[in-house]
Amino acid sequence: MGASNNSSSNNPEALHSECLSSNSTLFYRVFVPIFGTVFLCGFLLAFLLIPADDLYMSFSIWWARGGALAALLAWLYFVKSTVWRLKRADATEEHLFVTNYWHTVRYPWSDIENVTKSRRMGRDLVHFHLKAAGRFGQTISILPVRHFDELMKNLNVREI
């Protein structure tokens, strides 16, 4: 498609873009996965390093260790399948700029097939569906700003 890997800092067009993503995206995308993973890894290490006699459990220590490992694996699956998919999006009248905080990709609005909204875990999500898969896949999910609909109207983006 027409995606390019131009960084928004190198592109003067992106300097006048509107941020479509909520500021809490960074919190959910970076802080929550790191904090949860460190906490659960520490919990697992505690069960692995503390001798079984010092824990005074009424059941086998292997059940506790297995449970801690299962909790860590479930957390990692949850992060990969939900939180890690969130991206940050900025837009101009001509392009949608999407970043995962390492790479930024520019999509012309003509590459966007449609935009849908959903609600998960009490938060609104906006999904940009591309006509063909780009660097971040065929669906790009963001946490929208409160005035997302107004911004889309102000950008004079063709009806998607």
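Readers should treat all values here as calculations from the given coordinates under stated rules, not as data from a laboratory. All of these numbers come straight from a predicted model, not from anything done at the bench. When we count neighbours, we look across all protein chains shown, and the Cβ atoms used for this are built from the backbone with ideal geometry, even at glycine.
At-a-glance table
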item: Rounded tilt (10° steps) of 61-81 against the dominant C-alpha axis of the chain; result: 0
item: Label-point separation, residue 30 to residue 80 (7 Å along Cα→Cβ), nm; result: 2.3
item: Order of 54, 90, 149 under a 10 Å beta carbon neighbour criterion, fewest first; result: 54, 149, 90
item: Anisotropy class of region 103-160 from Cα gyration tensor, a/c 1.5 cut; result: oblate
item: Prolate/oblate/rounded label for region 25-81 (Cα gyration tensor, a/c 1.5); result: prolate
item: C-alpha center-to-center spacing [region 90-139, region 47-73] in angstrom; result: 43
item: Extended-chain gain in nm, criterion 0.36 nm per residue less alpha-carbon gap, residue 119 and residue 71; result: 14.8 nm
item: Helix-only [θ]222 nm of the chain, DSSP H runs n ≥ 4, -39500 (n - 2.57) each, per residue, nearest 500; result: -10000 deg cm²/dmol
item: Whole-number percent relative contact order across the chain, with pairs defined as alpha carbons under 8 Å at least 6 apart; result: 30
item: Proxy reagent accessibility, fewest Cβ within 10 Å first, across 102, 63; result: 102, 63
item: Nearest 10 degrees, 0 to 90: helix 32-49 Cα axis against the chain principal axis; result: 20
item: For the chain, built as a Gaussian network whose Cα springs stay under 10 Å, the top-fluctuating residue of 77, 56, 28; result: 56
item: Dipole of region 58-160 [Lys/Arg +1, Asp/Glu -1 at C-beta], most positive-end residue of 86, 121, 61; result: 61
item: The chain, dipole about Cα centre (Lys/Arg Cβ +1, Asp/Glu Cβ -1), debye to the nearest 20; result: 280
item: Beta bridges per DSSP with both ends in the chain, % antiparallel, nearest 5; result: 95
